[in-house]
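Chemist: Please see the structure below; I have some questions.
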Amino acid sequence: MRSLARTRPLVRWACRLLLSTVVGIPGVVVAQSIVIDDFNSGALTVVLNSAPGTAVNFVDGNAGTVLQTERTLRVSGSSVAGGNISSTSGLGSYGFTRPAGSDGTLEIWWDGNNNSTTFQPTGLGGVNLTANGQNAFRFQITSSSSAALSLAFYVWTDGSNLSRGELTLPAGGGTIDLPFASFGVFGGGGAVFTNVGALFLGTTSPSNQAWSAVIDDIRTVQSSLVFMDGFATGTTVRWSSAVP
C-alpha cells in the first residue's frame, strides 16, 4: 500500500500531462496552434549553380498551410566546387542540400503575401504569435545529415527590432520545441512576439560544411507544463525536446 501511495503523484502528473496534449477528449481545451508552414502546398525549388551568386524565388501556398500564404526560398554563396546547393519546398516538406566543397547559406522567409523576392520585415502586419497561450515554435524534423550544425530562427517586429533563436537538428529526425523565451535580442529592443512582422529561418556558420536536412512542419505550440505536482499553480517550465 505504501508503494502504491508513492506512485499516485506520478500517475496524476502523467494523466494531467496526457490530457493537456491530446485532442478530442471531451472537456479538454487544447490551445490552437498557428501554422507557420506544413509545406503541403506551394511547390518550389531554388538551385544555386554559379559562384558567387544568389538564387531566390517565392511561391504562394494555401491559407492555413503557409503563414499568410507565401514563402520565399533563398540560396547564396558559391557552389561550383562542390556541386549545386538546392532548397525545395512542397509535397509535405522543406529540404535543402549543401554538398561538400560548396560554400553557401540557405534561407526561408515568411514575410507576408507581397509577391516580392525582397525581404519585408513588416510584411506580416503584426501577427500575434502568443494568441491562445502559444509560447514556443515546434519543428517536426524528418532527417538531418549533421547533428553539429544549426539553424537560426529570426523573429522581426520591424526593420530595427528582431530576436534570434537557434536549434540543432537531430540526425535521426524528431521533434524540437524552441520556446519564445529562449530567443535573444538581435537588433534594437528585440522582437515583440505579439506584434510580428516577419519570420526568417536560415543556416548558420560555418557555411562550407556539407549538410542536408528535411523539415516537415513548423508551428506554434503551448509547451508550458503547469500541471505537475510539486509546482505552484501557474509555474512555467521552459523546455526544449528532441524526440526521435
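Chemist: Mind checking whether some residue in region 105-116 is among the aliphatic types (A, V, I, L, M), touching a residue at least 12 places away in the same chain (Cβ under 8 Å) and more than 25 Å from Val46 (Cα to Cα)?
Modeler: No, because not a single residue in region 105-116 is among the aliphatic types (A, V, I, L, M), touching a residue at least 12 places away in the same chain (Cβ under 8 Å) and more than 25 Å from Val46 (Cα to Cα).
Chemist: Among the candidates Phe183, Phe137, Phe153, single out the residue that is among the aromatic types (Phe, Trp, Tyr) and more than 12 Å from the chain's Cα centre (by Cα).
Modeler: Being among the aromatic types (Phe, Trp, Tyr) and more than 12 Å from the chain's Cα centre (by Cα) holds for just one of Phe183, Phe137, Phe153, which is Phe183.
Chemist: Which of (1) closer than 18 Å to Gln140 by Cα; (2) out of contact with any strand residue (DSSP E or B) (no Cβ under 9 Å at 6 or more places or on another chain) does Ala100 not meet, given it meets every other one?
Modeler: (1)
Chemist: Pick from Ala63, Ala100: which is in the same structural domain as Gln134 (by TED's automatic domain parsing), in contact (Cβ under 8 Å) with a residue 24 or more places away in the chain and of a type in the set (A, V, I, L, M)?
Modeler: Ala100
Chemist: Turning to a different aspect of this structure: Looking at Leu151, Leu169, can you tell me which residue is in contact with a Leu (Cβ under 6 Å, 6 or more places away or on another chain) and closer than 24 Å to Pro99 by Cβ?
Modeler: Leu151
Chemist: How many of the residues in region 108-119 are within 14 Å of Leu201 (Cα to Cα) and surrounded by fewer than 21 Cβ atoms within 10 Å (Cβ to Cβ)?
Modeler: 1
The values are calculated or read from the model by the stated rules, or taken from the named source; none is laboratory data. Fair warning: this is a prediction, and the values are worked out from it, not measured in the lab. No Cβ is skipped: glycine too gets one built from the backbone with ideal geometry, and neighbour counts run over all protein chains shown.
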